[in-house]
1. Quick check on my filter: what residues within the stretch 340-398 are under 25 Å from the mean Cα position of the chain (by Cα) and among the β-branched types (Val, Ile, Thr)?
2. Output the number of residues of the stretch 257-306 satisfying the condition of being within 16 Å of the ligand (Cβ to nearest atom) and under 17 Å from Ile62 (Cα atoms).
3. What number of residues within the stretch 217-256 satisfy the criterion of being in contact with a Lys or Arg (Cβ under 9 Å, 6 or more places away or on another chain), in a strand (DSSP E or B) and either more than 16 Å from the ligand (Cβ to nearest atom) or of a type in the set (Gly, Ala, Ser) (or both)?
4. Quick one: count up the residues across the stretch 31-70 that are out of contact with any helix residue (DSSP H, G or I) (no Cβ under 8 Å at 6 or more places or on another chain), under 23 Å from Leu293 (Cβ atoms) and of a type outside the set (D, E, K, R).
5. Which pairs turn up if I take residues in the stretch 319-333 that are under 18 Å from Glu21 (Cβ atoms) and look for partners that are of a type in the set (Phe, Trp, Tyr) and assigned to a strand (DSSP E or B) with beta carbon separation below 9 Å, at least 6 apart in sequence or on another chain?
6. Based on what the data block shows, is Gly324 modelled with pLDDT of 95 or more and within 16 Å of the ligand (Cβ to nearest atom)?
7. Does any residue in the stretch 79-100 that is farther than 28 Å from Glu222 by Cβ come within less than 7 Å, Cβ to Cβ, of a residue that is basic (Lys, Arg) six or more places away or on a different chain, and which pairs are these?
8. Name the pairs: first residue in the stretch 1-25 and at pLDDT 95 or above, second residue in a loop (DSSP other than H, G, I, E, B) and of a type in the set (Phe, Trp, Tyr), Cβ to Cβ under 7 Å, at least 6 apart or on different chains?
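The values are calculated or read from the model by the stated rules, or taken from the named source; none is laboratory data. Computed from a predicted structure; not experimentally measured. Here the Cβ is made from the backbone with ideal geometry for all residues, glycine too, and neighbour counts use every protein chain on show.
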Amino acid sequence: MNKTRKYFDAEIETMDRDKLEALQLRRLRAQLKRCYRDSEFYRQKFQKAGVKPDDVRSLSDIKYCPFVTKTELRDEQLAFPPFGRHTATPPETWAELHPSSGTTGAPVNNLWSFRDVRNISRWTARTMWTFGVRPGDIIQNGFSYGLWVAGMSTHYAARELGCFVIPIGASMTERQIDYLLNPGSTVLLSTPSYALHIAERLKERGISPEDIPLRIGCFGGEGGAEVSATREKIEKGLGIEAFDYFGLAEIGPTVASECSEKAGIHWVEDHLLIEVIHPETKKTCAPGEVGVLVITHLTKEATPMVRYWSNDLGSLDKTKCKCGRTHARSVGGILGRADDMVIYKGAKFYPVQVEKVVRSFCELSDEFCIELTTDPELHIDRCTVIVECKREEDIPRIKPSLKKGLKEECQVTPGIKFVPFNTLERTTFKAKRILDRREGKRGSIGG
Ligand SMILES: [Zn+2]
């Protein structure tokens, strides 16, 4: 493989928009026909909505097809265990099982066929090439291995690229640091919060980022890498260039990623059809408008999703990127979860906005938490942002500016609570940012 070439697959990545959309339409029509023919789940859904695969003659005709929600998939699995009737290929084609993490309810089972594994490996290799990963790189894979989609897909992609992999997973922080020193990994894959944790430990061990050969970080599993304050902290703390990655269990891993322009995450549009839908009206959003990302598999065989309601918020820009790629981008990445929205005193905000403010203060650690409680006497909601201050004596000085920053970003003033450094839990997987302790609510939700 020629290391100097710019694109992994130039023909697909830079295909004219018209040609790309024609390819999407061909694949979409074939996919709908297959779902209708081979899946009782889809046939019934389409019949109920009064739509037939042949009714879809253009990409925008997808709007006639009904959405698929996570709740619906859970109910389907329960009624037709273990996998539901949306499994559109026979068992002999199944290669792997990758359920959702189950942070918001019973896990949803997703299957990859052998062909799905090949496609996923190939598009993941493409996205890693876009980040600048090349044959000969040493990849320290700090994504969790096993059932979660990210560890396996990037592992397969590394092989596709001809890289040496250290399949360490999301644990053993001390050993992560040992490997960064020797053999000297050049690429790190992990969640942004785990990368910050590694950077913290690196500093505590007195190792300078210049002492390690690490040069690229690919970060996913949660938002963060596109928040400029977070990106800067990761890049400085590890001496690297950081890129954002996005995937979800029901659709697949690594389905959107940044390019060198860092002008949003490019979707793998030859395999997916992306729509942005207004959460209330359920109509297509205007270009650039933020809404819920609704995703349709164009090539996936085993558990294909047609108009999957992701609950993730983003916008879509179909104009050609400065990098030369034509695949649509979500500028600013994933902006939050539709159900992670905090409504407080009439204002609406997302954890990512709090993150932006908190991480712009060098006096604070990278960890934070949004606690929702009910005032025991007044029975009204309280919202408190919990942060860690590295030195207690800084608190009186930074409190007013932190308050002001949160007010400007969130349009409301939450309470602020300072706790000593290292009080909040460090995560290697997805950080939970919202603790909902209001009356009648239980547990926590997280992105
Ligand atoms: Zn680009």
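1. Val342, Ile343, Val352, Val354, Val357, Val358, Ile370, Val385, Ile386, Val387
2. Selection size over the stretch 257-306: 3.
3. Of the residues in the stretch 217-256, 4 are in contact with a Lys or Arg (Cβ under 9 Å, 6 or more places away or on another chain), in a strand (DSSP E or B) and either more than 16 Å from the ligand (Cβ to nearest atom) or of a type in the set (Gly, Ala, Ser) (or both).
4. 5
5. His327/Trp267; Ala328/Trp267; Arg329/Trp267; Ser330/Phe246; Ser330/Trp267
6. Yes.
7. Pairs found: Ala88/Arg34.
8. Final answer for the pair search is Glu13/Tyr7; Thr14/Tyr7.
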